[in-house]
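Chemist: One structure, as structure tokens, below. Some questions next.
The values are calculated or read from the model by the stated rules, or taken from the named source; none is laboratory data. Note that the structure is a prediction, hence the values are computed from the model and not measured. Cβ: placed from backbone, ideal geometry, glycine included. Neighbour counts: every protein chain shown.
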Amino acid sequence: MLYPDIDQHMAIIVEEGVRVVFTSAGNPATWTARLKEHDITVVHVVSSVKFARKAEAAGVDAVVAEGFEAGGHNGREETTTMVLIPMVRDAISVPLIAAGGISDGRSMLAAMALGADGVQVGSRFVCAEESSAHPDFKQRVADAGEGETLLTLKEITPVRLLRNKFFDDVQSAYSQGATIDDLKALLGRGRAKKGMFEGDLSEGELEIGQVAARINQTLSAEAIVDSIMTEYEVARMRLAHLKPFTA
Ligand SMILES: Cc1cc2nc3c(=O)[nH]c(=O)nc-3n(C[C@H](O)[C@H](O)[C@H](O)COP(=O)(O)O)c2cc1C
């Protein structure tokens, strides 16, 4: 919803007969009713219980609850997926999709254990063969280790990025007491495109989640989904064999 030409996006979505729309980064009340008038299934992405409730009240068909670990734009509250999902589960009754830090079958099963009905996976697919990300960005993600992503630019729109020259420029702007306008000027326009699609690893914004530390190869989307499902089944069977807890 941050796009300046969002009205046009929505008009095209309706015109082209899109059946399912995920909205994010804005008020769920703005578009949900209008999209639903066209029989479109609407799912809204939130990072807090407050907005999960708002989304449900706005009439969405499902909610994505995205934790602090996630790549890209994020909530200010810094609530991790582990804490967020059970809270949101207890607060709403529409289907709940967990996001943030889910990259394999084990984390998917964990999200289901926390109360999710499904999962949304972002970062893992950045390195899919089919992904339109620049090959240099894919390689940078595959090389990333633990602690290399951080949430920044909270005053504008919080975003989780890989550390690079642009990230360090933002940090030094903070240390010099930058105002919101200074930060906006530094960010400019098109930084994400520059980093992720044009492969400028120095000046671009490199949006990716904490799971970058767990991604180390490029696979087809089919192979990624197959491995997630196989790992999910193995993890589920392992849990089924846990001895019952007896006091
Ligand atoms: C490179 C990148 C770009 C993203 N862009 C958007 C976006 O434009 N809109 C959105 O709602 N979510 C966006 N996301 C968030 C994903 O939809 C998803 O919720 C998130 O990646 C899940 O957490 P994970 O990164 O730990 O898998 C983006 C994520 C990444 C990694």
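Chemist: Restricting attention to the range 137-178, and to residues there that are in contact with a helix residue (DSSP H, G or I) (Cβ under 8 Å, 6 or more places away or on another chain) and of a type in the set (D, E, K, R), which single residue is modelled with the lowest pLDDT?
Modeler: E155
Chemist: Return yes or no: is Q210 within 23 Å of I85 (Cβ to Cβ) and within 16 Å of the ligand (Cβ to nearest atom)?
Modeler: yes
Chemist: Let me ask you something else. Looking at R89, is it outside the structural domain of H73 (by TED's automatic domain parsing) and more than 11 Å from the ligand (Cβ to nearest atom)?
Modeler: no
Chemist: Find all pairs meeting these conditions: Cβ atoms under 6 angstrom apart; at least six residues apart or on different chains; first residue within the range 202-230 and within 28 Å of P158 (Cα to Cα); second residue away from the ligand (no atom under 16 Å from the Cβ) and of a type in the set (K, R).
Modeler: Close Cβ pairs satisfying both conditions: S202/K165.
Chemist: Right, something else. Determine which member of the set A65, A70, A99 is within 13 Å of the ligand (Cβ to nearest atom), among the small types (G, A, S) and touching a Leu at 6+ places or on another chain (Cβ under 9 Å).
Modeler: After ruling out the rest, the residue left standing is A65.
Chemist: I would also like to ask the following. Name the helices (runs of 4 or more DSSP H) wholly within the range 140-247 that hold at least 2 residues that are among the small types (G, A, S)?
Modeler: 165-175, 221-240
Chemist: Continuing with this model, one more query. Are any residues in the range 112-137 within 15 Å of S220 (Cβ to Cβ), of a type outside the set (A, V, I, L, M) and within 11 Å of the ligand (Cβ to nearest atom), and if so, which ones?
Modeler: Once the filter is applied, which keeps residues that are within 15 Å of S220 (Cβ to Cβ), of a type outside the set (A, V, I, L, M) and within 11 Å of the ligand (Cβ to nearest atom), the range 112-137 yields R124, F125, C127, S131, S132.
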